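Notes follow the structure.
The values are calculated or read from the model by the stated rules, or taken from the named source; none is laboratory data. Quick caveat, the model's predicted, so the values are computed rather than measured. Cβ sites come from the backbone with ideal geometry, for glycine too, and all protein chains shown count toward neighbours.
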Amino acid sequence: MDDSKAIFLKDATVNAADGDQRAFIRKALGGYYTNRDLQKARYRDWERARDAASMAKWSAVNDLANVLEKFVGNFERNGGVVHWARDAAEARAIILKIAEDNQAKAIVKSKCMTSEEIHLNDALEKAGFGVVESDLGEFIQQLRGEAPYHFVFPCMHVKREAISELFTKHLGTAPTDSPEELTMIARRHLRQLYVDADIGITGANFLIAETGQISITENEGNARLTAALPRIHIALSGIEKVVNHLDDLSVLLPMLATAGAGQPMTCYNTLYSGPRKKGECDGPEQFHLVLLDNARTRILADPEQRDALHCIRCGACLNVCPIFKNIGGLAYGTTYQGPIGSVITPHLRGLKQWNHLSGASSLCGACTDACPVRIDLHHHLLHNRRNATKESPTLFDQVFHHGFNFVIKRPWLFATGGRIFRATLPLLQKLPIPYMGAWMKTRDLPKAPAQSFRDQWKNQNV
Amino acid sequence: MSDARSDIFARIREALKVKAPKPHLKGEPVAGKTSAVAKPWLPDGGESADASLAILAEQLAKLKAVLIRVPDQAAAAKAVAELATAKNWQKVAYHGHPLLRPVAAALPCEAWEADASFEKQKLEGCDAGLTTCESIVAQLGAILVSSASSGGRALSILPHVHVVVAEAGQVVPDLGSALALAKARHGDQMPSMLSFITGPSRTGDIERILVLGAHGPKELYLVLVG
Ligand code: SF4
């Protein structure tokens, strides 16, 4: 068994048995469900809004070369500098070089999952730069030395007592069990860091081709500060974030907030179009944008799963996923957790090692229903399973499929086989059948009927 | 070695040779590209000015932002001065705008026109930032500020309280209208920052419990004239 799969199975089993933690996650998500439903009810037709959101992404992704070209032209005209990175290593090298060329010392970051994807913090720290995550959840995870648990709610699994202890240990503050006070501790600590930092690194939620602006969505104001105070602003974004029109945001921004966090809009939705302009009193002197491929073109090349690139990273599919709620975000071992993570990680890191995530699904379809841009998530999990079997079938797959094929074509053999199967079914329960162990451990086999369906039909017994 | 840009474009063009099906839509096909088309399926922003104002008031209240409606400029100045006294502000930074100068002049505390220089430390030490805005979106309770009309990027985010003074005529029904207005006003000379502010800064990162004032302002006041 591959490492990633073995670790996943172990962690998932432990976490699923931790009733306390599961109850804690369910409680934390309780408020989200209420608010999401309240906000969704304000939409005069949520399904039509989903149509518009999915079409906005579809039309950009399926014309990516042209739309991206237009975006880059406008972005550069606004005074920003574009850098291209085929993979994670190139993206890290570009950002390191900007930091070195400008003799930067302190770097402040706002939440950016793409930077987790390329392991940017490690690279910057190894090169001797101080990097601080400014989003409260990311800040807590950075102090804990742990990856985000959920790509929108990074530390939703951590109890307040643990956060208080963490702050006491690292910041020397007095213990408290008030979320408000804990937030204020982080606020006071981080404020000076924005003022002192030379470089601010942010992500981007949308790149607008029509105007050359980038759009950043957040609640805390840390991205606003990160892009306002340091003298250099670097944004890192996947190439699939581009949309055609500024007006597309009139649908995408509210839906992102409602689907992902149960808000009408997130607190700050900001459009940046370059460094400080003539006549403006503040803002960075340089504005860099690193555009990353890192296997996105591989997803693009699969027309069946291309819509996975429509993802606006709202997190709704995680919030409704029974698997996510039971095994937790860390067990996935991926940058992107939950259903969308299970769909795209095999493309990013290899199907053979990451296909097991697509197996960890009840295929209930809650994710597909929740997705504001109509990504066919649970079918993609099936596609991954099929593709993995095609790519490297196991011995069981081969024997079973060939055997089934052989039997199903021969009615007499099928009937005889059925008779033997019905007679021996009670025994099967007790036998250690290879590949069935995990399945049988938690399930009982049903009782066999006396007659096959075909016999029942013949005797009009149905 | 070919450069990364042309490599990535080559990969994209190659990938797109095979077409992907359109998403399964539930309704009639939607035209997603014309600006300011009415979108009768999004949350309502009000069909008349009065309806929009009513929706705005409701949204702001839910967001825990404070709406203060005043009949004229003099009343706006008085309202902000009263706030300053009640909250014991010592220093207020403001954007030098015709709508704001009289308000700043009436303040009972130190008022600093922050447009000329970029002094981060000094701005951080201010109790409140006073700005105007581009427009106000009734549908969502969002206030659009810009680096052009609101005194730069930091003034509306760094001080602990943000006060916006605007005219009632700046209220637009929905987000699409606000974006279209910004485009019409600035053309291809967009301010380097345009930011929709929807309530005071907030976080739910600790146990998903809402706390106001994460990194940005803890309090947000909208003083609407007329
Ligand atoms: S796949 Fe859909 S629901 Fe999941 S994060 Fe992406 S946009 Fe949201």
- Task: Scan segment A:328-345 for residues that are among the aliphatic types (A, V, I, L, M) and surrounded by fewer than 24 Cβ atoms within 10 Å (Cβ to Cβ) and report the count.
- Result: 1
- Task: Hey, can you tell me all the residues within segment A:321-333 that are within 13 Å of the ligand (Cβ to nearest atom) and within 12 Å of the chain's Cα centre (by Cα)?
- Result: A:F324, A:G329
- Task: Could you run through segment A:41-58 and say how many residues are without any contact (Cβ under 8 Å) to a residue 60 or more places away in the chain and in contact with a helix residue (DSSP H, G or I) (Cβ under 6 Å, 6 or more places away or on another chain)?
- Result: 1
- Task: Could you check, for segment B:124-140, whether at least one of its residues is within 23 Å of B:A74 (Cα to Cα), in a loop (DSSP other than H, G, I, E, B) and of a type in the set (D, E, K, R)?
- Result: yes
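Yes/no matrix, rows are residues, columns are (1) at pLDDT 95 or above; (2) under 21 Å from A:L318 (Cβ atoms):
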residue: A:L9; (1), (2): no, yes
residue: A:D18; (1), (2): no, yes
residue: A:K27; (1), (2): no, yes
residue: A:Y33; (1), (2): yes, yes
residue: A:L68; (1), (2): yes, no
- Query: Tell me, which helices (runs of 4 or more DSSP H) lie completely within segment A:21-120 with 2 or more residues that are loosely packed, with under 15 Cβ neighbours inside 10 Å?
  - Reply: A:64-77, A:88-101
- So which of B:R185, B:R153, B:R208 ends up being surrounded by fewer than 24 Cβ atoms within 10 Å (Cβ to Cβ) and closer than 28 Å to B:P102 by Cα? B:R185
- If you take just the strands (runs of 3 or more DSSP E) that sit entirely in segment B:160-226, which of them hold at least 2 residues that are of a type in the set (S, T, N, Q)? none
- Message: Return the residues of segment A:361-385 that are part of a loop (DSSP other than H, G, I, E, B), within 16 Å of the ligand (Cβ to nearest atom) and away from chain B (no Cβ under 13 Å); say none if nothing qualifies.
- Response: A:S361, A:L363, A:C364, A:G365
- Message: Regarding segment A:405-414, can at least one residue be identified that is within 16 Å of the ligand (Cβ to nearest atom), surrounded by 14 or more Cβ atoms within 10 Å (Cβ to Cβ) and either part of a helix (DSSP H, G or I) or within 14 Å of chain B (Cβ to nearest Cβ) (or both)?
- Response: no
- Message: Would you confirm whether or not segment B:83-95 contains a residue that is among the aromatic types (F, W, Y), at pLDDT below 95 and either under 23 Å from A:P264 (Cβ atoms) or in a loop (DSSP other than H, G, I, E, B) (or both)?
- Response: no
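Table: residues versus (1) in a loop (DSSP other than H, G, I, E, B); (2) surrounded by 12 or more Cβ atoms within 10 Å (Cβ to Cβ); (3) at pLDDT 90 or above.
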position	(1), (2), (3)
B:A10	no, yes, yes
B:K19	yes, no, yes
B:K26	yes, yes, no
B:A36	yes, yes, no
B:S52	no, yes, yes
B:A61	no, yes, yes
B:I68	no, yes, yes
B:A75	no, yes, yes
- When you go through A:L363, A:L382, A:L348 one by one, which is the residue that is surrounded by fewer than 23 Cβ atoms within 10 Å (Cβ to Cβ), more than 30 Å from A:D87 (Cβ to Cβ) and outside the structural domain of A:G238 (by TED's automatic domain parsing)? A:L363
- Which condition does A:H245 not pass, out of (1) surrounded by 24 or more Cβ atoms within 10 Å (Cβ to Cβ); (2) facing another protein chain (nearest Cβ under 7 Å), if it passes all the others? (1)
- at pLDDT below 95 and under 18 Å from A:R296 (Cα atoms) - does that describe any residue in segment A:354-364? yes
- Message: Going residue by residue through segment B:145-159, is there one that turns out to be in a loop (DSSP other than H, G, I, E, B), in contact with a strand residue (DSSP E or B) (Cβ under 7 Å, 6 or more places away or on another chain), within 22 Å of B:S52 (Cβ to Cβ) and more than 10 Å from every other protein chain (Cβ to nearest Cβ)?
- Response: yes
- Message: Step by step: first the residues of segment A:274-286, then only those that are more than 8 Å from chain B (Cβ to nearest Cβ) and either part of a helix (DSSP H, G or I) or touching a residue at least 24 places away in the same chain (Cβ under 8 Å) (or both), then the one that is surrounded by the fewest Cβ atoms within 10 Å (Cβ to Cβ). Which residue is that?
- Response: A:E285
- Query: Given the conditions (1) part of a helix (DSSP H, G or I); (2) away from the ligand (no atom under 15 Å from the Cβ), which single one is not true for A:L271?
  - Reply: (1)
- Looking at this structure, is A:T334 part of a helix (DSSP H, G or I) and on the phi < 0 side of the Ramachandran plot? no
- Message: What are the pairs with Cβ atoms under 8 angstrom where one residue, in segment B:72-83, is on the phi > 0 side of the Ramachandran plot and the other, located anywhere, is among the charged types (D, E, K, R)? Sequence gap at least six, or different chains.
- Response: none
- Hey, any hits in segment A:36-56 for a residue that's more than 9 Å from every other protein chain (Cβ to nearest Cβ) and under 24 Å from A:P303 (Cα atoms)? no
- Message: Which count do you get for residues in segment A:290-306 that are crowded, with 23+ Cβ neighbours inside 10 Å and closer than 10 Å to A:G238 by Cα?
- Response: 5
- Message: Given the condition β-branched (V, I, T), touching a residue at least 60 places away in the same chain (Cβ under 8 Å) and within 11 Å of the ligand (Cβ to nearest atom), answer yes or no: does some residue in segment A:340-359 qualify?
- Response: no
- Mind checking which residues of segment A:193-223 are in contact with an Asp or Glu (Cβ under 8 Å, 6 or more places away or on another chain) and more than 12 Å from A:V108 (Cα to Cα)? A:F206, A:I208, A:T211, A:G212, A:E218, A:E220
- Selection from segment A:135-149 of residues that are of a type in the set (G, A, S), more than 7 Å from chain B (Cβ to nearest Cβ) and on the phi < 0 side of the Ramachandran plot: A:A147
- Query: Out of all the residues in segment A:297-320, is one or more among the aliphatic types (A, V, I, L, M), away from the ligand (no atom under 15 Å from the Cβ) and not assigned by TED's automatic domain parsing to the domain that holds A:G30?
  - Reply: yes
- Determine whether A:N62 is under 22 Å from A:L236 (Cβ atoms), modelled with pLDDT of 95 or more and polar (S, T, N, Q). no
- Query: Say we look at segment A:150-177 and pick out the residues that are surrounded by fewer than 22 Cβ atoms within 10 Å (Cβ to Cβ) and at the interface with another protein chain (Cβ under 9 Å from one of its Cβ atoms); which of these is farthest from A:T334 (Cα to Cα)?
  - Reply: A:R160
- Query: From the set of residues in segment A:224-268 that are part of a strand (DSSP E or B) and within 16 Å of the ligand (Cβ to nearest atom), which is farthest from A:H83 (Cα to Cα)?
  - Reply: A:V243
